[in-house]
């Protein structure tokens, strides 16, 4: 370029991009929402979406996952059974899809009728295994991208984003349904915005339609496990339209919620490190209190052993043997629980930090490109 303005070093323009973004941390989010609001195309159904299905409450049944040829496969691993721990589900996605860059999970918005549910570690022949309705988890690849939603005629698109609130799929579902009901409309479809942890998000985008343009729902058992032969094709949001009229979704902090619960349920990028440290300290104090309680119980049992030893030495030794075995199991359980909670906090903190860095990087690049275009 002959214009001398372009002779400035590249890092100057990057610095300019960072400066112009310092007053608009939500620039990337607003841009993504604006792009989605103009979309009237459904997600590409031809694109393979990794999914895993876990069935809880029916004994130890093997998990299932969607193969590349769009068939549900029962996992032969005897350890691959239902878990409600989100981090474990994310790790399971990475295990069954090792060649894919799985970074997060989100629940599917609909239920699937799957057969071939086998007992853990056993193989089912064709036609064997039980049949259940289940809502799988989608295994999300790469950088998060919200789904494109179809906006039919007479319907409207909207989104709700609160960077300081982290909520689950179901909570954002209820929030979107309540917003549509406030407009005398029904929730047609919705998708998550901006993850702030594993299977928790800081926003939702949704489509509301007039009641007349949505098919009436005549299924009362939606959201429950069933073996009905009818296909289930409605959005999960219908469940809220039918029987959740009084649900409120305002998130409030109660006096019974400790730092750990607050940290896991709320996200404020400005105070993330301080909140993480407070949660860590609270977890350490809680673990210390549990250990102190166990040691106090051990002291009481030891006193009982000494008193018993004078009367019945043989019985006292048997009592001490059982007491020691139980004490050892209790201590091991406490250590395992403490380690799992520490890992959970650290994983959440790591993912939130990466989310914040990626968000700022994208916003900086957007502002940088915007500055170049203005020049």
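Quick notes
- Any hit, region 301-323, residues being within 30 Å of residue 276 (Cβ to Cβ) and in contact with a helix residue (DSSP H, G or I) (Cβ under 9 Å, 6 or more places away or on another chain): no
- Flag for residue 357 being without any contact (Cβ under 8 Å) to a residue 60 or more places away in the chain, part of a helix (DSSP H, G or I) and closer than 24 Å to residue 198 by Cα: yes
- For region 258-272, taking the residues that are touching a helix residue (DSSP H, G or I) at 6+ places or on another chain (Cβ under 9 Å) and touching a residue at least 40 places away in the same chain (Cβ under 8 Å), the one that is surrounded by the fewest Cβ atoms within 10 Å (Cβ to Cβ) is identified as 268.
- Of all residues in region 81-129, those being more than 19 Å from the chain's Cα centre (by Cα) and over 24 Å from residue 354 (Cα atoms) number 18.
- Residue within region 185-193 that is buried (at least 22 other Cβ atoms within 10 Å of the Cβ) and closer than 18 Å to residue 261 by Cβ present: no
- Helices (runs of 4 or more DSSP H) enclosed by region 154-266 - at least 1 residues per element that are modelled with pLDDT of 50 or more and in the same structural domain as residue 276 (by the TED database): 259-265
- Selection status of residue 350, closer than 23 Å to residue 166 by Cβ, at pLDDT below 80 and assigned to a helix (DSSP H, G or I): no
- Residue that is surrounded by the most Cβ atoms within 10 Å (Cβ to Cβ), among those in region 289-304 that are closer than 21 Å to residue 343 by Cβ and at pLDDT 80 or above: 290
- If you go through region 49-76 and pick out every residue that is surrounded by 12 or more Cβ atoms within 10 Å (Cβ to Cβ), more than 22 Å from residue 140 (Cβ to Cβ) and out of contact with any strand residue (DSSP E or B) (no Cβ under 8 Å at 6 or more places or on another chain), you end up with 1.
The values are calculated or read from the model by the stated rules, or taken from the named source; none is laboratory data. The model shown is predicted, which means the values in this text are computed figures rather than measured ones. Cβ coordinates were reconstructed from backbone atoms using ideal geometry, including for glycine residues, and neighbour counts include every protein chain displayed.
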